[in-house]
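First the structure, in the form of structure tokens, and then the observations on it.
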Amino acid sequence: MTFPSPKDPAQSPVWDNYVVAQTVAAALGRIPRQALAFGVQVQGSHVHLHFRLTELTSEGRQDIAHIADALETLVGDDVEVTDSYEVTDQIRLSPFDGVRWIFCAHVDNDET
């Protein structure tokens, strides 16, 4: 099986969109319960997963590792997948931060 890559998107029209789709597939049923937001940043063959959490539990860390491992399997060996997390009580997302945010928790106005 040949995977799309930044240099040869094959049948994938846009590399970034391909990575976003694969990230969604990798995260199905695995986004940590404590997640406020989850996104992916694509810079060529380097893919970075961003998590914003209310706390980091051992279960949450396992979920993050599972998502990263699944994504590595889906995009192939030519892509480096890394991850990071921020523990916070607020959702701060920007359309200018280079991250394609895939998940954002619903927060009631009286909770912010």
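Nothing in this text is a laboratory measurement; each read-out follows from the coordinates by a stated rule. Remember, it's a predicted structure, so these values are computed and weren't measured experimentally. No Cβ is skipped: glycine too gets one built from the backbone with ideal geometry, and neighbour counts run over all protein chains shown.
Numerical summary
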item	result
Ellipticity estimate at 222 nm from DSSP helix runs (n ≥ 4, -39,500 (n - 2.57)) divided over the chain, nearest 500	-9000 deg cm²/dmol
Range of Cα positions in the chain per principal axis (Å), largest first	48, 30, 18
Degrees between helix 58-75 axis and first principal axis of the chain (Cα, 0 to 90, nearest 10)	20 degrees
Loop-resident sites, region 29-112, for trypsin sites (Lys or Arg not before Pro), counting at most 12 other Cβ within 10 Å (DSSP)	33, 92
Segment residue 46-residue 86, extension gain: residue separation times 0.36 nm, minus the distance between their alpha carbons	12.4 nm
Helix axis angle, 15-27 relative to the chain longest principal axis, alpha carbon, degrees	50 degrees
